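Everything on this sheet refers to the single structure shown next.
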Amino acid sequence: MTQHEKAISAVTWGFMMALTVSQIASSFWLYNQADLEVLRNVGWITLWGAGFCGVAPIFTLRRKGGVSKEQSYIHMTILVDSGIYAVVRHPQYLSFMLLNTGLMLVAQHGLITVLGVVAIGLDYLIALEADREAIVKFGDDYKLYRDRVPRVNFLTGLVRLLRRGRQSR
């Protein structure tokens, strides 16, 4: 990755985080504006899913990614394709997308929706860049993994995982 690409990536990440933090803060004041209980409840379930997708990779990568004890879990040396990584390639970016979606459903306000939609778009762009970086780091193994496991589509990932399980019997 060139210095220019790194700078663009850092700006994209920073802007996405600023939007997400703004969305979280605004949700406290704009909570449940439309008073639609079903949407609010689905939003809370979505937020719990975001929490799971955000935390599960930490344990999976630490345990299976060849990370030394002194380093952060993100410094894996082994391509991990099990656990949550057998379902989606980028669970932590999915986590941010679910967080943004959950906040939109819980707050039910136009401002929160606009912030969330833009943040989700940036999350997706960051996930695309992460795929490019992983191909450089892991090569053809990552390309095969990429063909097997969806980027952030959890439902498609579950269906594919179940099919792979049936085929291996």
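The values are calculated or read from the model by the stated rules, or taken from the named source; none is laboratory data. Not measured: the values here are computed from a predicted model. Cβ placement follows ideal geometry from the backbone for every residue including glycine, while neighbour counts extend to all protein chains displayed.
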Residue list for the stretch 1-35, restricted to those being part of a helix (DSSP H, G or I), touching a helix residue (DSSP H, G or I) at 6+ places or on another chain (Cβ under 8 Å) and either aliphatic (A, V, I, L, M) or at pLDDT 85 or above (or both) = T12, W13, F15, M16, L19, T20, S22, Q23, I24, S26, S27
request  = Could you list, in sequence order, all residues of the stretch 36-71 that are among the aliphatic types (A, V, I, L, M), part of a helix (DSSP H, G or I) and under 21 Å from Q92 (Cβ atoms)?
outcome  = I45, L47, A50, V55, A56, I58, L61
query = From the residues in the stretch 57-75 that are surrounded by 12 or more Cβ atoms within 10 Å (Cβ to Cβ) and hydroxyl-bearing (S, T, Y), which one is modelled with the lowest pLDDT?
reply = Y73
query = So, of the residues in the stretch 132-153 that are assigned to a helix (DSSP H, G or I) and surrounded by 17 or more Cβ atoms within 10 Å (Cβ to Cβ), which turns out to be nearest to the chain's Cα centre (by Cα)?
reply = A134
inquiry  = Quick check on I58: is it closer than 18 Å to T12 by Cβ and free of Cβ contacts under 8 Å to residues at least 24 places away in the same chain?
reply    = no
So V106, is it in contact with a Lys or Arg (Cβ under 6 Å, 6 or more places away or on another chain), in contact (Cβ under 8 Å) with a residue 24 or more places away in the chain and crowded, with 16+ Cβ neighbours inside 10 Å = yes
task = Test G83 against the stated conditions and say whether it is modelled with pLDDT of 95 or more, touching a helix residue (DSSP H, G or I) at 6+ places or on another chain (Cβ under 8 Å) and not hydrophobic (A, V, I, L, M, F, W, C).
result = no
